[in-house]
1. Can you give the longest run of the chain that contains no trypsin sites (Lys or Arg not before Pro) sitting in a DSSP loop with at most 15 other Cβ atoms inside 10 Å?
2. What residues qualify as long-range amide H neighbours of V61, i.e. H under 5 Å apart, gap of 5 or more or another chain, H built at 1.01 Å from N?
3. Which chymotrypsin sites (Phe, Trp or Tyr not before Pro) does the range 1-51 hold that lie in a coil by DSSP with at most 15 other beta carbons within 10 Å?
4. With runs of 4+ DSSP H residues as the only contributors, calculate the mean residue ellipticity of the chain at 222 nm using -39,500 (n - 2.57) per run, divided by the residue total and rounded to the nearest 500.
5. What is the set of long-range amide H partners of H43 at a cut-off below 5 Å, with H atoms built 1.01 Å from backbone N?
6. Find the percent of Cα-Cα distances in the range 32-104 that exceed 14 Å, and round it to a whole number.
7. In straight Cα distance, which lysines are under 22 Å from K131, not counting same-chain residues fewer than 8 positions off?
8. Convex hull over the alpha-carbon atoms of the range 96-142: what's its volume per residue in Å³?
Amino acid sequence: MPLWRIYAPANGYSASEKQKFALDITGIYDAFLPRFYVNVLFHDVAPESFLVGGEQRSNFVRISIEHIARTMVDHESKVKFLGHVNEVIAPYVEQRGYDWELNVQELPFDLWRVQGLVPPGAESADEKRWKQENKASARTHS
């Protein structure tokens, strides 16, 4: 599960822009994860509540990403992933004149559940079915 938390200025993105942003983020993972794994939460932050270096900011976006379904195995894959992320988010941050920062955390797969179910392993028959059906369901393989 990728979970993206996007902290942005209040009214920084319209509802339709948020949906497009979330779809573009989902596209990062589309080739190898079920779409429903991708969660994007927008947190609209008022300027008086968004402080960077102790000073109010109205042009800053903070993105926090959690990965559970997959982890990056080497430095090269991390650099490649972050480069791709920067390309995807550029229209929503850089091209709007926002300053931004992001981080990625990788969490233990064995501490994750979907609908109370243990998620299937990468590229397993069950994960392929979950991807095709775009929902969690009882596992049929061990």
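1. The segment 1-112 is the longest one with no such site.
2. D99, W100, E101
3. Hits after loop and neighbour filter: F32.
4. Only helices count here, giving -8500 deg cm²/dmol.
5. The list, which skips near neighbours in sequence, is I6, Y7, A8.
6. The calculated P(r) of the range 32-104 puts 70 percent of pairs beyond 14 Å.
7. K20
8. 139
Every number here is computed from the coordinates shown, using simple stated rules; none is lab data. Keep in mind the model is a prediction, meaning the values are calculated, not measured. Don't worry about glycine lacking a Cβ; one is built from the backbone with ideal geometry, like all the others, and counts go over all protein chains shown.
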